1. So, in region 103-121, how many residues would count as being part of a loop (DSSP other than H, G, I, E, B), in contact with a helix residue (DSSP H, G or I) (Cβ under 9 Å, 6 or more places away or on another chain) and closer than 14 Å to residue 86 by Cβ?
2. Mind telling me which of the residues 46, 13 ends up being at pLDDT 95 or above, touching a strand residue (DSSP E or B) at 6+ places or on another chain (Cβ under 7 Å) and surrounded by fewer than 18 Cβ atoms within 10 Å (Cβ to Cβ)?
3. Considering only region 58-82, how many residues are closer than 19 Å to residue 28 by Cα and either at pLDDT 90 or above or in contact with a helix residue (DSSP H, G or I) (Cβ under 9 Å, 6 or more places away or on another chain) (or both)?
4. Taking the stated definitions as given, is residue 96 surrounded by 13 or more Cβ atoms within 10 Å (Cβ to Cβ), within 30 Å of residue 66 (Cα to Cα) and modelled with pLDDT under 95?
5. Just wondering, is there one or more residues in region 114-121 that are within 30 Å of residue 18 (Cα to Cα) and modelled with pLDDT of 95 or more?
6. Taking the stated definitions as given, is residue 140 free of Cβ contacts under 8 Å to residues at least 24 places away in the same chain, in a loop (DSSP other than H, G, I, E, B) and within 23 Å of the chain's Cα centre (by Cα)?
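The values are calculated or read from the model by the stated rules, or taken from the named source; none is laboratory data. In this text the structure is predicted, and so the values were computed from the model without any measurement. Positions of Cβ are generated from backbone atoms using ideal geometry, with glycine treated the same way; all protein chains shown enter the neighbour counts.
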């Protein structure tokens, strides 16, 4: 009986030639206790179901292309399993209902990557002091929550509260304090490079000079040979010993 009444109500509200003509549907303040089946309206984008007496919402009534859904001022107890397929939803108003479980509600909305405006105030779970930060942490796309624009400082507070380790890493990167260690097994050295437009320090210059001198010293090959031209031979035998030339050594250095 109730379903027939709702069907008649929808028919009265919608004067169309075919179901595909319907993109907006106003069913506010109609005394509805449940959501009528709207799945046949495949082009439906916006639905107003606010200010009724709806107790529950099931998955069947809505098509996945819906972008705006107004369910405020009802008696809804839970939306679990009813809205997660609405991945194109951008506006969702659920304030002033009787939804009690915050975690269950957030899980239902996580797939809505386009969700921009969300209102949940005046539900029992909003009495939790950390409610707003919890929602902002898990629903990153939301820009307006409970009629208030989301601030960046709120995002940081939410991240610090619910993911402290990640926030700590982001803070160190933001202020330039995070540096990766050298690869294991590789000796860390100081590069002797000259910055553009700056003078190289005297210490760096001295260090470079020492390295060059060391390289030169290691590249020298040295050996000695006998100078046979000065060696005593038989032609010097008739001379006195003091008059004979002394033998010497020749030292040869090769680079």
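1. 2
2. Of the residues listed, the single one that is at pLDDT 95 or above, touching a strand residue (DSSP E or B) at 6+ places or on another chain (Cβ under 7 Å) and surrounded by fewer than 18 Cβ atoms within 10 Å (Cβ to Cβ) is 46.
3. Residues flagged as closer than 19 Å to residue 28 by Cα and either at pLDDT 90 or above or in contact with a helix residue (DSSP H, G or I) (Cβ under 9 Å, 6 or more places away or on another chain) (or both) within region 58-82 amount to 13.
4. no
5. For region 114-121, residues within 30 Å of residue 18 (Cα to Cα) and modelled with pLDDT of 95 or more: present.
6. Judged against the criteria, residue 140 is a match.
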